[in-house]
Amino acid sequence: MRPTVLAVLVALAFPVTAALAGSGAPAGTDIPSYVTAAINDPARKDDTANDDRRKIADLMAFAEVKPGQAVVDLIPGSGYFTRVFSAIVGPKGRVYAVWPNEYGKEAVSDVQGSKALVANPHYANVGVLMVPANAFKTPEKVDLVFTSQNYHDYPDKFMGSVDPVAFDKQVFDSLKPGGVFVVIDHVAEAGSGMRDTDTLHRIDPAIVKKQVESVGFVFDGESDVLRNPADPHNIKVFDKSIRGHTDQFVYRFRKPG
């Protein structure tokens, strides 16, 4: 997690083919062919074991990512979503793997993984951006800002106790009119607000919706593909009884356009 330079690489793409298999898409779900092709890109063979659990096809369809778009994968972790975004947006699109400097200090190996990814010609349309946590920005207006399991980190001390509403406004300003902000995170107990962000690594979906809508976004839908009613909501997300299977909300917000 810290201040900043910006390393961006763009361009090129690659052929993707095949049929949807093990993607987590329920029967009858309308998954665009370019999403199916991206999921079946042979370059992501090491990711496929997690596709059903992480519902990748459903999430990409819900996020409305399309060829030619500019996409932000905010705090991309191991790059699981980055690789799929790269294949979907193709040679005319761009993917920005954005790391807050403060978070990067806690996830050095993941940041190095992002940098190694962009050095691979297969991912030449991906760039890495390092930015201060309290100053989210992109080098161009984008179509999608996507963050999975990290919205709850922004108000925490290690991130500099960023005001989530100020952060949401920066995201709003980075998007094109009609652009989409997708937030996925671990569900906390109803009414808890931001109480559990630094302890259980959870957040109340209601406070997220309130904060994001307060800066001008319109709530545009939710998906229940990552919901788990067996999660008690009062234990750490790293607890072995729930890790990898937490109850997660998936919200889509749209910038009016």
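FYI, it's all coordinate maths here, none of it is from the lab. On a predicted model such as this, the values are computed, not experimentally measured, just so you know. Cβ sites come from the backbone with ideal geometry, for glycine too, and all protein chains shown count toward neighbours.
Numerical summary
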{"read-out": "Per-bin percent of Cα-Cα distances, the chain [10 Å]", "value": "7, 32, 39, 20, 2"}
{"read-out": "Cross-link partners of Lys240 among aspartates and glutamates (Cα-Cα below 16 Å; sequence separation of 8 or more within a chain)", "value": "Asp231"}
{"read-out": "All Cα pairs of the stretch 68-125, percent lying beyond 14 Å", "value": "49"}
{"read-out": "Lysines whose Cα lies under 22 Å from that of Lys92, excluding same-chain neighbours fewer than 8 positions away", "value": "Lys66, Lys115, Lys137, Lys141, Lys176"}
{"read-out": "Sorted peptide list for 147-156, 192-201, 95-104, criterion being average Cβ within 10 angstrom, highest first", "value": "95-104, 147-156, 192-201"}
{"read-out": "Set of lysines with alpha-carbon distance to Lys157 below 17 Å, sequence-local pairs under 8 removed", "value": "Lys105"}
{"read-out": "Taking the stretch 119-241 and dividing mean pair separation by its residue count, relative contact order in percent (alpha carbons under 8 Å, at least six apart)", "value": "23"}
{"read-out": "Counting DSSP beta bridges with both ends in the chain, the antiparallel % (nearest 5)", "value": "40"}
{"read-out": "Percentage relative contact order, the chain, counting C-alpha pairs under 8 Å, at least six apart", "value": "18"}
{"read-out": "Length-normalised contact order of the stretch 196-257 in % [C-alpha pairs under 8 Å, at least 6 apart]", "value": "43"}
{"read-out": "Residue-averaged [θ]222 nm for the chain, counting only DSSP H segments that reach four residues, each worth -39500 (n - 2.57)", "value": "-7000 deg cm²/dmol"}
